[in-house]
Amino acid sequence: MSQLATTSEVRAVVGELRRQQVMDVVRGATFIGALLLAWVSLRPFVDLGNPELNDPTTGNETRTYLVFGCVAVLTIGLSMRDNMRGLVTLLTPAYVLFTGWIVASIVLSLDPGTSIKRFALTACVIAVASTLPLLPKTQSELVRWFSIAALVLLATCYLGILLAPNLSIHLATDVQEPQLAGDWRGSFGHKNEAAAVMAMLLFLGIYIVRSGAWVSGIAIIGLSSLFLLFSAGKSSLALCFAVLALTLLTTVVRSFWVRAVMLLTPLILLNLLGVGTVLSDSLAEVAKMLPLDSSFTGRTDIWTFAVQALQERLPTGYGFSAFWGSSAIQNLPEGKEWAAYASHSHNGYLDTALAMGLPGLALLIAALVIGPLRNFHAADRGGNNGPLTMALLQIWLFGLYLSSMESFFLDRADPLWFTFLVAMFGLHYMARFRIRE
């Protein structure tokens, strides 16, 4: 009987090991699959020469909603199974209040149907991004999964350049912005988006090298840097160097307030010398004296239009994602017809105010700017001051700066928004838990 009992115990142990192995595969596949879903999308290599294409970021919405919804259920289920404590920590005052105001902006929206539809996908994306950092159990798993996802994305983009250059490189025959001909975009719809994602991959590559995975890390750094150069994303390239320099200084500066001033001053300056120039003639004069184009290639007109529209609804905005491309834009004067076809204002903070008013902008700053900075400082002081925390800080800070020139905050399944969220929630967890090696 003892022999039989021993045999049954062995079988139970073997069965448990097999179940654990299956769950490990599921966790890894979910993590990698979610990243690639956001980075590559369900509609890569869009033909920008198609005259019927109005916005390359739209299309296949039903499939995108369905797939992200399923992935959200899966990541939440896996997180609840293995790390319920981590999920509970997301109930912070900043996150709760910001979420509550988003719901209020949907109720007060000028176009509730559009707001509800767009929020549904945004909510699924946030759910996936907030639970994704909880899936890896060790740092070695995280490094391996990040490496696989990044290399698959890079392989996809480079294969596109080699095999389908007409769908991977901007052409003179593009319906919109034919002047970008020759700039690489890979599987993305625009070279600016491609450049920004490549910059984020560069930060991940540095983390992977510092974690000991030299071969994959160097490959990611080299391939993403080359693509960034050939995409001609000047803003992303400049911000990449700035972020690397500033985050390096955080290893020397230990005071929270000095860190805050050091990291957030460039963000304030970018917005003052950008959108601020349409609010103040003095700032406009200062911007003219700079040796660079602070309008980031002629965005003054769209900023002026957006600011004038915002002044009419400062307390509430127009509703979640309910301004651009909606009935809110009508009776346009001569010369402003382009506003009916614009998809954003090229400034994430301005678009947030348009959608949710000044209270929404204030809550976004509390949740997405101040909170993550405090989390980084707490993680650093708590002993989580290794390569991972630094990479998360770099991706988050790069996203903050880039949002002064582009608009991806709360933009559904945008790859920049998703990657920014993963970094932001990663800092949240690093401030509260010690990572296992």
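So the values come out like this:
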item: Cβ-Cβ under 7 Å pairs, at least 6 apart or on other chains, the range 158-176 side within 16 Å of Leu223 (Cβ to Cβ), far side of a type in the set (Lys, Arg) and surrounded by 12 or more Cβ atoms within 10 Å (Cβ to Cβ); result: Ser168/Arg185
item: Residue match in the range 40-57 (condition: surrounded by 14 or more Cβ atoms within 10 Å (Cβ to Cβ) and in a helix (DSSP H, G or I)); result: yes
item: Every residue from the range 230-250 that is in contact (Cβ under 8 Å) with a residue 60 or more places away in the chain and more than 22 Å from Gly160 (Cα to Cα); result: Ser235, Leu239, Cys240, Ala242, Val243, Leu244, Leu246, Thr247, Thr250
item: Evaluation of Leu90 against (1) modelled with pLDDT of 95 or more; (2) part of a helix (DSSP H, G or I) (one fails), failing number; result: (2)
item: The range 153-174: number of residues that are surrounded by 16 or more Cβ atoms within 10 Å (Cβ to Cβ) and either in contact with a Leu (Cβ under 6 Å, 6 or more places away or on another chain) or assigned to a helix (DSSP H, G or I) (or both); result: 11
item: Selection count, the range 188-219, where residues are among the basic types (Lys, Arg) and more than 18 Å from Ala155 (Cα to Cα); result: 1
item: Selection status of Phe227, touching a residue at least 60 places away in the same chain (Cβ under 8 Å) and more than 22 Å from the chain's Cα centre (by Cα); result: no
item: Close pairs (9 angstrom Cβ cut-off, 6 or more residues apart or separate chains): closer than 17 Å to Glu406 by Cβ in the range 268-290, surrounded by fewer than 13 Cβ atoms within 10 Å (Cβ to Cβ) and of a type outside the set (Val, Ile, Thr) anywhere; result: Leu273/Leu290
item: Ala104 within 25 Å of Phe320 (Cα to Cα), crowded, with 20+ Cβ neighbours inside 10 Å and aliphatic (A, V, I, L, M); result: no
item: Test set (1) at pLDDT 85 or above; (2) over 20 Å from the mean Cα position of the chain (by Cα) - Tyr65 fails condition number; result: (2)
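The values are calculated or read from the model by the stated rules, or taken from the named source; none is laboratory data. Everything numeric in this text was worked out from a predicted model, so none of it was measured. With ideal geometry, Cβ positions are generated from the backbone for all residues, glycine too; neighbour counts draw on all protein chains shown.
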